[in-house]
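Take a look at the structure below.
The values are calculated or read from the model by the stated rules, or taken from the named source; none is laboratory data. All values derive from a computational prediction rather than experimental measurement. Heads up, the Cβs are rebuilt from the backbone with ideal geometry, glycines too, and the neighbour counts pull from every protein chain shown. Quick note on the areas: whole protein, heavy atoms, side chains included, nothing else; ligands and nucleic acids left out. Shrake-Rupley method; radii C 1.70, N 1.55, O 1.52, S 1.80 Å.
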Amino acid sequence: MRLNLKSGLLLALTLPLFTACAGTKGRLKVGVTPEGEVVEAEGMVPYMDSDVPGTKSAGLAAAQRSAVEKVVGVYLAAETRVSKAVTIDQKILANTSGYIKKYEILNEGREASFWKTKIRALVSFERVGQDLRTLGLLDSKTIGNPRVIVLLDESIGGEPSDTSHAADGL
């Protein structure tokens, strides 16, 4: 009995040390990485007493979808997100597992009649970008090439000019 007590005490003292060391090594930090972007996101779904595991799973899926939405938003202009919302929804956001390389559940629990899940997820830039390009949602003409307009009021000696030689030259 003494041997078991000593073994149990040793295990109780060393287990938190090993757990703490193992727990911090793989932690994700919010920001851009070579593999993609780490974002924090939340998902809320209706809580169902009859199917708690299903509710938890749906909460995780909603949080993952939210994480991918954040990264997709970096790629697309607001007008593209609005005009192509159905395509983005069906082709990109429906397949979040293909874009999320890793995730950590930061917090989950019941809030009133909902189940809330908060995650930190590593979303692959490469996969999201490839799929958006394949769907024709990335317009290379506008990305990195903003439009600029130059308006000229030509004058000669302070008086408005009837000619537009300078404007034509541009």
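Return the pair list, or none, for Cβ contacts closer than 9 Å from residues in segment 30-47 that are farther than 20 Å from Gln130 by Cα to residues that are surrounded by fewer than 17 Cβ atoms within 10 Å (Cβ to Cβ) and of a type in the set (Ser, Thr, Tyr), at least 6 apart or on different chains.
That search, which allows pairs on different chains as well, returns Pro46/Ser113; Tyr47/Ser113.
Does any residue in segment 61-87 that is open to solvent by 60 Å² or more (accessible area, probe 1.4 Å) come within less than 6 Å, Cβ to Cβ, of a residue that is at pLDDT 85 or above six or more places away or on a different chain, and which pairs are these?
What qualifies is Lys70/Val39.
Condition first: of a type in the set (Ser, Thr, Tyr) and not in a helix (DSSP H, G or I). Now tell me which residues in segment 34-72 satisfy that. Let's see the steps before the verdict.
The first filter runs over segment 34-72 and keeps only residues of a type in the set (Ser, Thr, Tyr), leaving 47, 50, 55, 57, 66.
Correct list: Tyr47 only.
The rows are residues; the columns are (1) at pLDDT below 80; (2) of a type in the set (Ser, Thr, Tyr); (3) surrounded by 17 or more Cβ atoms within 10 Å (Cβ to Cβ).
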residue: Ala121; (1), (2), (3): no, no, yes
residue: Gly136; (1), (2), (3): yes, no, no
residue: Asp139; (1), (2), (3): yes, no, no
residue: Thr142; (1), (2), (3): yes, yes, no
residue: Val148; (1), (2), (3): yes, no, no
residue: Leu152; (1), (2), (3): yes, no, no
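Looking only at segment 47-60, count how many residues are open to solvent by 40 Å² or more (accessible area, probe 1.4 Å) and either under 14 Å from Asp89 (Cβ atoms) or of a type outside the set (Gly, Ala, Ser) (or both).
7
Given the criteria open to solvent by less than 60 Å² (accessible area, probe 1.4 Å), modelled with pLDDT of 80 or more and under 22 Å from Leu60 (Cα atoms), does Lys102 qualify?
Values: open to solvent by less than 60 Å² (accessible area, probe 1.4 Å): no; modelled with pLDDT of 80 or more: yes; under 22 Å from Leu60 (Cα atoms): yes.
Criteria not met by Lys102.
Quick one: count up the residues across segment 24-33 that are part of a strand (DSSP E or B) and open to solvent by 90 Å² or more (accessible area, probe 1.4 Å).
Restricting attention to segment 24-33, the residues satisfying the condition of being part of a strand (DSSP E or B) are 31-33.
Keeping just the survivors that are open to solvent by 90 Å² or more (accessible area, probe 1.4 Å) gives 32.
Summing the residues that are part of a strand (DSSP E or B) and open to solvent by 90 Å² or more (accessible area, probe 1.4 Å) in segment 24-33 gives 1.
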